[in-house]
Amino acid sequence: MRQSELFTKTIKEAPKDEKSINAQLLFRAGFVHKEMAGVYTFLPLGNRVLKNIENIIREEMNKIGGQEILMPVLQPKYLWEKTDRWSKGVGKVMYKTKDDSGKEFGLGPTHEEILTNIASKYIKSYSDLPAYIYQIQTKFRKEPRARSGLLRGREFGMKDLYSFHSSEEDFKNYYEIVKKAYFKIFKRCELSVIITEASGAGFTKEYTHEFQVLAKDGEDSIIYCPRFHFAQNKEIAKFKNDSLCPACKKTIQEGRSIEVGNIFPLGTKYSKDLNAYFIDKDGKRKLIIMGCYGIGSSRIMGAIVEVHHDDKGIIWPEEIAPFKVHLIPVEDNQKVIKTTENLYQDLQKQKIEVLYDDRKKRGAGEKFVESDLIGIPFRLVISQKTLSQKKIEVKKRKEKKIELLRVSSLYKFLKS
């Protein structure tokens with residue numbers, strides 16, 4: 001991508017109505033545009049970041065047997081009436097509408113009803129189980145406190161996986177498999193998560209689990225052991241701040257956090273309501289046991305900015321960044337431009353994604369300020385000074401030091 005052709009531009013001042021760090025930096029750097037409270041357009045840079053997050057999630061879900069589908073946003077009222085949720089629970093925050101005949105529909109805040117109904121048509125025998133089905137899609141909820149940028153929205157991206165089992169034991173085994181997959185996802189996103197007990201979902205007596213990221217401006221509060229022997233959402237916490245962990249005797253701490261994922265048992269709540277049965281090995285008719293596993297893809301994007309930034313701008317992790325390299329010539333003379341153009345072509349041949357700041361009549365200082373704000377992991381600077389040494393200036397966004405490398409060693413450095 002040539003920066004002169006990029007649809008968006010950076011903005012010096014943050015919008016006055018945005019208080020959160022992620023909202024301010026993503027807006028200023030040209031990743032998102034706010035349409036209304038809790039609703040954002042993902043601009044070219046932001047869309048690239050979001051797709052990178054989704055691809056990480058997709059890869060890890062496929063590794064644990066997930067099959068990807070895409071369910072409708074528009075959901076019929078009758079399915080939600082079968083589960084008694086049209087006017088209760090999450091149904092209270094569902095956006096609802098009618099067609100010309102008066103038939104009512106809702107914009108999906110979640111998809112248990114839709115998928116369980118589908119599963120009842122395809123799962124008939126124990127030989128059809130287990131099954132793991134997921135989607136990555138936009139959800140809608142009437143969020144009364146739509147704030148904090150991408151952390152609390154009315155329209156947001158989510159991966160929701162649903163598992164179907166013939167036994168409680170099989171469900172519990174898969175539950176642990178998903179836990180491990182979630183830790184892999186968050187590690188690749190460079191988010192340090194704490195698995196946290198939360199209140200039950202109302203379908204079983206067991207706890208649900210949240211994946212929380214400690215953040216100064218997080219909207220949740222958790223009580224946790226500093227060695228992570230346990231953590232609980234403050235709403236259900238049995239221990240108090242400054243008491244001792246029963247496992248390691250370390251002082252228990254309280255911290256603000258961002259929930260980026262959750263997993264919980266559904267039991268037979270939806271299979272019973274939507275008539276999802278299977279025939280077991282003994283020929284008996286039994287209800288399918290289910291689990292649900294969510295990750296907020298757009299919320300991950302906001303959480304990354306909340307924990308990976310400095311006073312200059314965003315610091316994107318390499319797997320998440322819109323580009324790996326920001327290529328910047330700092331002089332407009334013919335030799336510098338020609339060398340930079342050649343390097344730009346070579347980087348693409350090496351399959352290294354690069355944003356090339358080919359804009360004319362821009363000072364080096366201005367280019368560096370914008371580069372820091374956008375937050376691409378590596379900055380390559382071409383100047384007469386570096387060319388005289390037959391080298392290129394390389395700087396990692398998250399480090400202060402600058403290295404001078406020969407082109408011959410540059411590609412190996414970037415790929416490592």
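General remarks:
- The residues of the stretch 331-346 that are within 14 Å of V381 (Cα to Cα) and either outside any loop (DSSP other than H, G, I, E, B) or modelled with pLDDT of 95 or more (or both), listed by number, are K335, V336, I337, K338, T339, T340, E341, N342, L343, Y344.
- Subset tally (residues that are touching a helix residue (DSSP H, G or I) at 6+ places or on another chain (Cβ under 7 Å), surrounded by 14 or more Cβ atoms within 10 Å (Cβ to Cβ), outside any strand (DSSP E or B) and of a type outside the set (V, I, T)) for the stretch 1-34: 12
- Exactly one residue among G89, G157, G153 is in the same structural domain as K272 (by TED's automatic domain parsing), in contact (Cβ under 8 Å) with a residue 60 or more places away in the chain, surrounded by 14 or more Cβ atoms within 10 Å (Cβ to Cβ) and on the phi > 0 side of the Ramachandran plot, and that residue is G89.
- Count of the stretch 151-184 residues, restricted to those that are among the charged types (D, E, K, R) and in contact with a helix residue (DSSP H, G or I) (Cβ under 8 Å, 6 or more places away or on another chain), is 2.
For (1) charged (D, E, K, R); (2) within 26 Å of K172 (Cβ to Cβ), each residue gets a yes or a no:
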site: E54; (1), (2): yes, no
site: R58; (1), (2): yes, yes
site: I69; (1), (2): no, yes
site: W80; (1), (2): no, no
site: R85; (1), (2): yes, yes
site: H111; (1), (2): no, yes
site: K121; (1), (2): yes, no
site: S125; (1), (2): no, yes
site: S148; (1), (2): no, no
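- In the stretch 122-209, counting only strands (runs of 3 or more DSSP E) that sit wholly within it, the ones holding 2 or more residues that are β-branched (V, I, T) and within 17 Å of the chain's Cα centre (by Cα) span 131-140, 193-198.
So that you can scan it fast, the table gives a plain yes or no per residue for (1) under 30 Å from L50 (Cβ atoms); (2) touching a His at 6+ places or on another chain (Cβ under 6 Å); (3) surrounded by 18 or more Cβ atoms within 10 Å (Cβ to Cβ):
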{"site": "F264", "(1), (2), (3)": "yes, no, yes"}
{"site": "K286", "(1), (2), (3)": "no, no, no"}
{"site": "R299", "(1), (2), (3)": "yes, no, yes"}
{"site": "V305", "(1), (2), (3)": "yes, no, yes"}
{"site": "V330", "(1), (2), (3)": "no, no, yes"}
{"site": "N333", "(1), (2), (3)": "no, no, no"}
{"site": "T340", "(1), (2), (3)": "yes, no, yes"}
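- Test: I374 is within 22 Å of A321 (Cα to Cα) and more than 32 Å from the chain's Cα centre (by Cα): no
- Being of a type in the set (S, T, Y), buried (at least 20 other Cβ atoms within 10 Å of the Cβ) and either at negative phi or modelled with pLDDT under 95 (or both) is a description that does not apply to S192.
- Pairs, first at pLDDT 90 or above in the stretch 220-238, second β-branched (V, I, T) and surrounded by fewer than 16 Cβ atoms within 10 Å (Cβ to Cβ), C-beta under 8 Å, six or more apart: P226/T251
- Filtered residue count, the stretch 391-402, keeping only those that are in a strand (DSSP E or B) and surrounded by 14 or more Cβ atoms within 10 Å (Cβ to Cβ): 5
- Residues located in the stretch 260-298, provided they are charged (D, E, K, R) and in contact with an Asp or Glu (Cβ under 8 Å, 6 or more places away or on another chain): D273, K286
- For the stretch 4-22, the criterion of being β-branched (V, I, T), closer than 15 Å to S148 by Cβ, touching a Leu at 6+ places or on another chain (Cβ under 7 Å) and assigned by TED's automatic domain parsing to the domain that holds E190 is met by no residue.
- Flag if L50 is farther than 26 Å from I288 by Cα, touching a residue at least 24 places away in the same chain (Cβ under 8 Å) and part of a helix (DSSP H, G or I): yes
- Selection of the stretch 160-175 for residues being closer than 19 Å to I56 by Cα and either among the acidic types (D, E) or outside the structural domain of A119 (by TED's automatic domain parsing) (or both) yields only D160.
The values are calculated or read from the model by the stated rules, or taken from the named source; none is laboratory data. Treat the numbers as computed from the prediction; the structure is a model and nothing was measured. So basically every Cβ, Gly included, is an ideal-geometry build from the backbone, and we count neighbours across all protein chains shown.
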